[in-house]
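Okay, so here's the structure we're looking at.
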Amino acid sequence: MKNEESKQPRGLRNNNPLNIRRTGKDQWKGLAEVQNDRSFCQFKSLEWGWRAAFYLLTRTYYHTHRLYTIRGIISRWAPPQDHNNTEAYIRNVSRLTGIGPDEPIGIPSQQPARWMMLGMAMAIQECGTDSLDYFAMLRGWELLRE
């Protein structure tokens, strides 16, 4: 089991499907007691990692930063100055979701499926696999209400 776990992408080993970086001030609900990854947050379960991801996408990026499109969100999430291929990331997320890169995603409370598709497409990009637990993602969306 240990060998299988070590072969998983880092984001899945950390229960952090969008690879949320540590800041030193992290107070996410559901953080694991032990944080032994120096760069990325570790959560108690995948559901809590999804909750944090959706919180960032819908509350911080949408409501605070007023980012409404895949291009706007990804340009901030994975900027080129951090050595990301931002344009390829945008194209892939747009292709996976079927949402145009400059098309408004919609209000999260009115278009939850579009925001969940965005999160899942970003997790596929971040983790390099589409072998993700979709039920954990849905439970994470529900935890966002807490």
Pseudo-spin-label distance ASN84 to HIS63, built 7 Å along Cα→Cβ, given in nm, is 2.2
For LEU143, the net charge from surrounding residues (Cβ-Cβ under 10 Å; K, R +1; D, E -1) works out to +1
Phi to ³J(HN,Hα) by Karplus 6.51 cos²θ - 1.76 cosθ + 1.60 over the range 74-88, Hz, x for Gly, Pro: 5, 4, 8, 5, 9, x, x, 5, 9, 6, 9, 8, 4, 5, 5
Of every hundred units of 1.4 Å-probe accessible area on the chain, the number belonging to carbon and sulfur atoms, as a percent, is 47
Calculated from the structure, mean projected area of the Cα convex hull in nm² equals which of [x] 8.0; [y] 8.8; [z] 10.4? [y]
If eta is 1.002 mPa s and T is 20 °C, what Stokes-Einstein diffusion coefficient results for the range 65-146, Kirkwood Rh from Cα pairs, in µm²/s? 162
Full extension between LYS44 and THR129 adds, at 0.36 nm per residue less the Cα distance, a length in nm of 28.5 nm
Calculate one ³J(HN,Hα) per residue across the range 10-18 by plugging θ = phi - 60° into the Karplus curve 6.51 cos²θ - 1.76 cosθ + 1.60, and present them in order as whole Hz with x for glycine and proline. 3, x, 7, 4, 8, 6, 9, x, 9
Counting sequence-distant residues (5 or more places) and residues on other chains, those with an amide H built under 5 Å from that of PHE40 are ARG22
Determine the relative contact order of the range 1-130: mean sequence separation of Cα pairs under 8 Å and six or more apart, normalised by residue count, in whole percent. 25
Taking R0 as 30 Å, what FRET efficiency do you get between ILE107 and ASP26 from their Cβ-Cβ distance, rounded to the nearest 0.05? 0.65
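The values are calculated or read from the model by the stated rules, or taken from the named source; none is laboratory data. Keep in mind that this is a model prediction, so the values were computed, not measured. Heads up, the Cβs are rebuilt from the backbone with ideal geometry, glycines too, and the neighbour counts pull from every protein chain shown. These area figures cover heavy atoms from the full protein model, side chains too; ligands, DNA and RNA do not enter into them. Shrake-Rupley method; radii C 1.70, N 1.55, O 1.52, S 1.80 Å.
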